[in-house]
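Here the structure is laid out as structure tokens; the discussion comes afterwards.
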Amino acid sequence: MILLEINNRIIEDSLTLKFNNAAAGNKPEAIDVTIADFDGVLYHLSNPGGDKTKVQVSISLKFYKDLQEHGADQLIKREYGSFLTTPESGYNVSIVFDLDHLPANRDEVIKKAGLLKRNCFASVFEKYFEFQQREENSQKRAVIHYREDETMYVEAKKDRVTVIFSTVFKDDDDIVIGKVFMQEFKEGRRQFQQAPQVLFSHKEPPMELQNTNAKVGDNIGYITFVLFPRHTSPAARDNTINLIHTLRDYLHYHIKCSKAYIHSRMRAKTSDFLKVLNRARPEPKNVEKKTFSGKTFKMN
């Protein structure tokens, strides 16, 4: 299966081009690009105040207020420091780069800019991983409404961190394929004992969300990840965050790819069947034929 990139390639490529042109002494050019990402996230690359020597990267997340409750502002300040600026109107976070004063660690800075969404998401995970590291129970469950009809729940216990994603399946077929993928996660844990425990519930929320306002319905699914200390330790947590925050997008991406593959195979097989039928078509019994001289006769 394909793992989705956690970085935004367009951001990285655009900044790389701008930085390289500036380093080569080329005249800076204007930029005004809006980029859509998963989960309704929007990026905006622009020149603040029309100044072509500066490039601003802004991000808009509809659920940023939920993340702010769990230290998103502090994490963003830690990661981007002096590059932070007053957020652009309509956006939650903005960072700006001066092309006249390029940073010494350009590649690292560009990579961090491409991870802006990931780093916003990371705050809630880091907070609850720290609870587990100190062997504390979280006083309150984190509730992140990361999509309009879908929610992520995070809760810490002394020996584990539980992450639950609710997701909406648009078609009945998606539910069937989704269950197959979830079964593969379960089978994977039999081969790799270090993998987290994965549970899937359909229509009803899991026991952890009983007596809450968690949605129920025929097209609702809940994916539960149980993360143990080996997944939340300081040495492993970055990789855990990288993988788990894209879980919903990863699942639905592969559901769509599976449906596209099934449809392509069905079309190919239908085409083969039509060829067979065309070859097997019998000739009409009464056929009128012409001789070389132009006379016609019928064959019975």
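The values are calculated or read from the model by the stated rules, or taken from the named source; none is laboratory data. What you see is a predicted model; the values in this text were computed from it and never measured. Cβ: placed from backbone, ideal geometry, glycine included. Neighbour counts: every protein chain shown. Surface accessibility is based on the protein's heavy atoms, side chains included, excluding ligands, DNA and RNA. Shrake-Rupley method; radii C 1.70, N 1.55, O 1.52, S 1.80 Å.
With respect to LYS186, determine if the residue is open to solvent by 70 Å² or more (accessible area, probe 1.4 Å), over 21 Å from PHE121 (Cβ atoms) and not hydrophobic (A, V, I, L, M, F, W, C). Criteria met by LYS186. Screening GLY178 against (1) in contact with a helix residue (DSSP H, G or I) (Cβ under 8 Å, 6 or more places away or on another chain); (2) modelled with pLDDT under 85; (3) among the small types (Gly, Ala, Ser) leaves a single unmet condition, (2). Considering region 129-182, there are no qualifying strands (runs of 3 or more DSSP E) wholly inside with 1 or more residues that are open to solvent by 80 Å² or more (accessible area, probe 1.4 Å), within 21 Å of THR246 (Cβ to Cβ) and of a type in the set (Phe, Trp, Tyr). Pairing each residue of region 7-35 that is without any contact (Cβ under 8 Å) to a residue 12 or more places away in the chain and under 16 Å from LYS117 (Cα atoms) with any residue that is open to solvent by less than 70 Å² (accessible area, probe 1.4 Å) and β-branched (Val, Ile, Thr), provided the two are 6+ apart or on different chains, yields no C-beta distance under 6 Å. Only residues that are basic (Lys, Arg) and either under 25 Å from GLY50 (Cα atoms) or surrounded by 17 or more Cβ atoms within 10 Å (Cβ to Cβ) (or both) were counted in region 78-110, giving 1. If the condition is being out of contact with any His (no Cβ under 9 Å at 6 or more places or on another chain) and either aliphatic (A, V, I, L, M) or open to solvent by 50 Å² or more (accessible area, probe 1.4 Å) (or both), then region 111-128 contributes LYS111, LYS112, ALA113, LEU115, LEU116.
Quick grid of which residues meet (1) farther than 30 Å from ARG147 by Cβ; (2) crowded, with 17+ Cβ neighbours inside 10 Å; (3) at pLDDT below 90:
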position: GLN193; (1), (2), (3): yes, no, yes
position: ASN213; (1), (2), (3): no, no, yes
position: THR232; (1), (2), (3): no, yes, no
position: ILE241; (1), (2), (3): no, yes, no
position: CYS257; (1), (2), (3): no, no, no
position: ALA268; (1), (2), (3): yes, no, no
position: ARG279; (1), (2), (3): yes, no, yes
position: GLU288; (1), (2), (3): yes, no, yes
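Listed conditions (1) within 15 Å of ILE11 (Cα to Cα); (2) of a type in the set (Asp, Glu); (3) crowded, with 17+ Cβ neighbours inside 10 Å are all met by ASP66, apart from (1).
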